[in-house]
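The values are calculated or read from the model by the stated rules, or taken from the named source; none is laboratory data. This structure is a prediction, so every number in the text was calculated from the model and none was measured. Cβ sites come from the backbone with ideal geometry, for glycine too, and all protein chains shown count toward neighbours. The area values use the complete protein model at the heavy-atom level, side chains included, leaving out ligands, DNA and RNA. Shrake-Rupley method; radii C 1.70, N 1.55, O 1.52, S 1.80 Å.
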Amino acid sequence: MNEEYDVIVLGTGLTECILSGIMSVNGKKVLHMDRNSYYGGESASITPLEDLYKRFNLPGTPPESMGRGRDWNVDLIPPFLMANGQLVKMLLYTEVTRYLDFKVIEGSFVYKGGKIYKVPSTEAEALASSLMGLFEKRRFRKFLVYVANFDENDPRTFEGVDPKKTTMRDVYKKFDLGQDVIDFTGHALALYRTDDYLDQPCQETINRIKLYSESLARYGKSPYLYPLYGLGELPQGFARLSAIYGGTYMLNKPIEEIVIENGKVVGVKSEGEVARCKQLICDPSYVSDRVTKVGQVIRVICILSHPIKNTNDANSCQIIIPQNQVNRKSDIYVCMISSAHNVAAQGKYIAIASTTVETADPEKEIKPALDLLEPIEQKFVSISDLFAPTDLGTESQIFISRTYDATTHFETTCDDIKDIYKRMMGSEFDFEEMKRKKNDIYGEEEQQ
């Protein structure tokens with residue numbers, strides 16, 4: 001271990017594993033360590049079920065009705081992947097998809113007035129949806145056509161809108177869309193957690209809705225994918241990629257000290273030895289003095305013996321409860337998966353509800369989501385602090401990831417990865433460049 005590395009990575013959460021894979025492909029010599037004996041950190045999948053009971057300090061063991069403990073792989077954080085989103089692109093470009101199998105999530109739903117409705121995102125679905133009246137449907141259809149044709153490089157598609165100046169609020173006004181439609185467009189299609197986006201320039205929102213529609217177009221049922229055997233497979237896939245390119249992995253390594261000279265990181269001390277490095281990537285738990293608490297997330301993992309009501313018995317789905325519907329500032333999310341994804345015993349379902357904490361009684365805040373899931377066989381409640389780095393790492397060369405937020409998709413995590421990459425490498429993350437670097441090592445891809 002007493003060697004010199006370009007980059008040392010601490011923690012095997014998804015963000016750290018993707019960055020370690022990318023750095024290895026970029027020819028960097030990488031050492032990756034974790035104090036835990038398992039991969040995944042905060043984004044691990046826990047198996048067998050007995051371990052989940054222990055982790056949440058529940059007395060006793062799972063009842064026999066839960067089936068075999070080994071049949072369970074329970075995610076601690078609940079995101080899905082957008083089929084056309086950044087993480088899937090990273091998976092495809094790095095060929096980590098070789099190690100993983102995905103299933104499409106069967107439906108995306110939105111909450112309105114105490115009930116849940118399928119999210120309409122195509123013209124046909126919009127016209128059939130019971131979320132809107134007839135005239136509203138026509139206006140929404142016009143809006144969807146506008147978004148589909150919108151091209152930020154072609155002013156002819158703007159129709160009088162300036163993508164860098166016109167606010168999204170004004171775009172909704174232009175199409176005369178009502179509050180309910182604005183709610184599900186902003187929260188279930190553009191996937192914003194709050195309403196702050198309304199007064200921002202509209203370009204980002206339009207692009208987010210396009211991402212949703214394009215992701216949906218790939219597979220038809222919903223825009224979301226989920227890896228068989230749970231999200232814990234993702235960090236391991238990137239870990240394998242890093243190993244192929246010469247990265248070194250060490251689990252179960254207690255980190256005694258991050259060694260700093262003249263304000264800059266020079267190495268990491270573990271079990272009496274120091275591995276030297278030029279740059280360090282880590283999650284907030286390794287550097288409590290360099291992060292600040294920016295909020296809290298409550299997540300409730302629920303084991304059910306039935307699909308969620310009003311979802312057409314889907315074996316997997318996402319439900320978004322827009323904040324306006326429950327008088328909150330931020331949305332509540334529910335992700336549900338089941339034995340169809342090799343994460344639960346036969347006939348069992350796992351639903352994870354999550355939201356950003358806003359009051360002193362987080363369990364009361366998340367109740368609207370839990371009400372949709374009744375009866376619940378077993379609950380596991382966690383309240384996690386959200387941390388963000390206090391500095392950009394330019395001086396110290398210590399680059400710290402952000403804690404996973406309450407969203408149920410990985411787009412915000414990918415933004416963090418690209419941001420850290422840019423601060424470390426001094427240039428934007430480029431998918432094509434990554435692909436070329438892989439080809440240099442493996443030779444050109446075979447002609448299809």
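For the range 294-382, what log10 I(q)/I(0) values come out of the Debye formula at q = 0.17 1/Å, with one point per alpha carbon and no solvent?
The Debye formula, applied to the Cα set alone, gives -0.67.
Out of the range 166-256, which GluC sites (Glu not before Pro) are coil in DSSP terms and have no more than 14 other C-beta atoms within 10 Å? Don't skip to the end; give the middle numbers.
Working: sites: Glu204, Glu214, Glu233, Glu256; in loops: Glu256.
The qualifying sites are Glu256.
Under a no-solvent Debye model with one identical scatterer per Cα of the range 63-184, what's log10 I(q)/I(0) at q = 0.19 Å⁻¹?
With one equal scatterer per Cα and no solvent, log10 I(q)/I(0) is -1.17.
Any lysines with Cα under 20 Å of the Lys165 Cα? List them, leaving off those in the same chain fewer than 8 positions away.
Lys173, Lys174, Lys210
Under a cut-off of 19 Å between alpha-carbon atoms, report the aspartates and glutamates in cross-link reach of Lys293, not counting same-chain residues fewer than 8 places apart.
Glu42, Asp283, Glu358, Asp361, Asp385, Asp391, Asp405, Asp416
222 nm [θ] for the chain, helices only, -39500 (n - 2.57) per DSSP H run of 4+, per residue, to 500?
Values: 13 runs with 129 residues, N = 448.
Result for the chain, helices only: -8500 deg cm²/dmol.
Quick check on the chain: what are the equivalent-ellipsoid semi-axes from the Cα gyration tensor, as sqrt(5λ), descending, whole Å? Can you show the working numbers first?
On the way: eigenvalues 261, 158, 88 Å².
Largest first, the chain gives 36, 28, 21 Å.
I'd like the projected area of the range 138-286, averaged over all directions, using the convex hull of its alpha carbons. Report it in nm² with one decimal.
Numbers: hull surface 58.8 nm².
It is 14.7 nm².
Would you report the distance distribution of C-alpha pairs in the range 1-45 as whole percents per 10 angstrom bin, up to the bin with the largest distance?
Bins of 10 Å from zero give 28, 52, 20, 0 percent of pairs.
Pull up all non-local amide H partners of Ile281: gap of 5 or more, or a different chain, and H-to-H distance under 5 Å with H placed in the peptide plane.
Hits under the 5 Å cutoff: Ile8, Val9, Leu10, Phe399.
Please list, in order along the range 226-231, the HN-Hα scalar couplings obtained from phi with the Karplus expression 6.51 cos²θ - 1.76 cosθ + 1.60 (θ = phi - 60°), rounded to whole Hz, x for Gly and Pro.
3J(HN,Hα) across the range 226-231, in whole Hz: 8, x, 4, 6, x, 5.
Expressed as a rounded percentage, what relative contact order does the chain have, with Cα pairs under 8 Å and six or more residues apart?
Numbers: 891 pairs, mean separation 106.1, N = 448.
Rounded, it is 24 percent for the chain.
Out of all Cα-Cα pairs in the range 170-209, roughly what percent, to the nearest whole number, are more than 12 Å apart? Provide the component values of the computation, followed by the final result.
Numbers: 436 of 780 pairs.
The proportion of pairs with Cα distances above 12 Å equals 56 percent.
Each residue of the range 314-321 in turn: what ³J(HN,Hα) in whole Hz from Karplus with 6.51, -1.76, 1.60 and θ = phi - 60°, glycine and Pro shown as x?
Once rounded to whole Hz, the list reads 4, 8, 6, 6, 10, 10, 10, 9.
Net charge near Glu16, counting Lys/Arg +1 and Asp/Glu -1 over other residues with Cβ under 13 Å of its Cβ? Write out the running numbers ahead of the final one.
Details: positive: Arg35, Arg402; negative: Asp34, Glu42, Asp283, Asp416.
That works out to -2.
Suppose all protein chains stay in the model; what accessible area per residue would a 1.4 Å probe give for the chain, in Å²? Could the numbers behind the result be given before it?
On the way: 19450 Å² over 448 residues.
On a per-residue basis, the chain sits at 43 Å².
Count the net charge of all other residues whose Cβ sits under 12 Å from the Cβ of Asn315, scoring Lys and Arg as +1 and Asp and Glu as -1. The partial results should precede the final answer.
Working: positive: Lys103, Lys221, Lys348; negative: Glu106, Asp313.
Residues near Asn315 contribute +1 overall.
Kirkwood Rh, Cα Rg: Rg to Rh for the range 123-167?
Numbers: Rg = 12.8 Å, Rh = 11.8 Å.
Reported Rg/Rh (Cα atoms, Kirkwood Rh): 1.08.
Given contacts defined as C-alpha pairs under 8 Å and at least six residues apart, what's the relative contact order of the range 1-70, whole-number percent?
Here the relative contact order equals 28 percent.
In whole percent, how big is the carbon plus sulfur part of the accessible area of the range 119-218, probe 1.4 Å, protein atoms only?
Working: 2440 of 4970 Å².
Answer for the range 119-218 is 49 percent, counting heavy atoms of protein chains only.
How are the Cα pair distances of the range 271-421 distributed, in percent, across 10 Å bins from 0?
Going out from 0 Å in 10 Å bins, the range 271-421 shows 10, 32, 28, 19, 9, 2 percent.
What's the Cα-based Rg to Rh of the range 119-218, Rh via Kirkwood?
On the way: Rg = 12.5 Å, Rh = 13.5 Å.
Looking at the range 119-218, the ratio lands at 0.93.
What does the charge count near Arg290 come to, summing +1 for each Lys or Arg and -1 for each Asp or Glu among other residues with Cβ under 12 Å from its Cβ? Don't skip to the end; give the middle numbers.
Values: positive: none; negative: Asp283, Asp289, Asp391, Glu395.
Cβ neighbours under 12 Å give a net charge of -4.
What number does the range 4-82 give for Rg over Rh if you use C-alpha atoms and the Kirkwood radius? Each step should come with its number before you reach the end.
Working: Rg = 16.4 Å, Rh = 14.7 Å.
Value, to two decimals: 1.12.
Quick one: length gained pulling Thr167 to Val274 fully straight, 0.36 nm per residue minus the C-alpha distance? Please report the intermediate quantities before stating the final value.
Values: separation 107, 0.36 × 107 = 38.52 nm, distance 5.24 nm.
Full extension of this stretch gives 33.3 nm more.
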